[in-house]
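The values are calculated or read from the model by the stated rules, or taken from the named source; none is laboratory data. Quantities reported herein were computed from a predicted structural model and do not represent experimental measurements. Positions of Cβ are backbone-derived with ideal geometry, glycine not excepted, and every protein chain shown enters the neighbour counts. Just so you know, the surface numbers come from the protein's heavy atoms only, side chains and all, with ligands and any DNA or RNA stripped out. Shrake-Rupley method; radii C 1.70, N 1.55, O 1.52, S 1.80 Å.
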Amino acid sequence: MVIESYVVVHNIAKRHNVGTLARSATAFGVTELILVGRRDFNAFGSHGSTSHLRFRHFHSLLDARNFLKEKDCDICGVEIADGALPVNEHPFKKSTAFLLGNEGTGLSAKECEICDFFVYIPHYGCGTASLNVTVAASIVLHHFGVWAGFSERIREGNKFIVAERPVKQGRYCTETEESIIEERKSRKEHACNGFFDETKNGDSTSNLLDALFSE
């Protein structure tokens with residue numbers, strides 16, 4: 001049985017967190033990063049790792065859940081919730097998609113509804129109530145990789161060897177051309193209320209997904 005991991009990105013407030021999250025995802029063998037809702041984000045902090053990671057987009061959490069269930073994936077919410085299990089106990093059974101909550105409010109009720117189980121990261125110091133979303137993702141994905149027995153990358157000197165950049169990244173767009181046009185129109189009209197923070201002129205400084213999902 002092939003074990004895979006996925007990361008589901010929904011309602012993250014700080015746009016630069018997605019680039020950093022992509023970097024951790026590539027480091028820990030994530031198969032795909034799934035964006036739900038808005039497709040645009042700032043790749044700041046990715047250090048080129050977005051070229052080595054597959055992206056997929058869905059308009060709704062339900063669509064994302066249906067796709068993951070077709071892949072026979074468990075959906076794991078990363079949250080300090082009732083019934084959540086310590087991630088260091090590796091409570092995994094098969095391929096798993098990890099859903100991380102908003103930096104300020106955590107997982108919403110709708111996000112919790114699509115999860116099969118929850119894990120949390122035990123804390124041993126008394127100085128903070130929670131971790132940055134990208135730090136939390138790194139810890140959880142590393143534990144999953146250990147459990148799954150992913151092969152370690154080859155090292156050279158004090159760095160891991162980076163694979164050659166793919167010639168062309170696959171695009172996994174799930175919407176029609178008409179819906180993309182409508183989304184872009186809506187984004188320009190309501191930039192301040194979007195999925196991620198925008199720059200002052202309403203355009204992301206590194207709108208990677210527009211390039212990936214457009215012709």
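Per the 1.4 Å probe, what fraction of the accessible area of the range 70-110, in percent, lies on carbon and sulfur atoms? For the range 70-110, the apolar C and S fraction of the accessible surface comes to 46 percent. What the phi angles of the range 63-70 give under the Karplus curve with 6.51, -1.76 and 1.60, with θ = phi - 60°, is a coupling list of 4, 5, 4, 4, 4, 5, 5, 5 Hz, glycine and proline written as x. Positive contributions from Lys and Arg (+1) and negative ones from Asp and Glu (-1), summed over other residues with Cβ under 11 Å from the Cβ of Leu68, come out at -3.
For Leu85, the residues whose amide H sits under 5 Å from its own are Phe118, Val119, Tyr120, ignoring neighbours fewer than 5 places away on the same chain, with H placed 1.01 Å from N. List the pairs from Lys69/Lys159; Lys93/Lys159; Lys69/Lys110 whose alpha-carbon separation is above 25 Å, in the order I gave them. Those over the limit are Lys69/Lys159; Lys93/Lys159. Of the residues Gly125, Leu35, Val78, the one whose Cα sits farthest towards the positive end of the charge dipole of the range 5-160 is Leu35 (charges of +1 on Lys and Arg Cβ, -1 on Asp and Glu Cβ, taken about the Cα centre). Shape analysis of the range 89-145 yields a ratio of the Cα radius of gyration to the Kirkwood radius, Rg/Rh, of 0.95. Largest to smallest in accessible area, the residues Ile161, Ile3 fall in the order Ile161, Ile3 (1.4 Å probe, all protein chains included).
The alpha carbon convex hull volume per residue for the range 5-160 rounds to 127 Å³.
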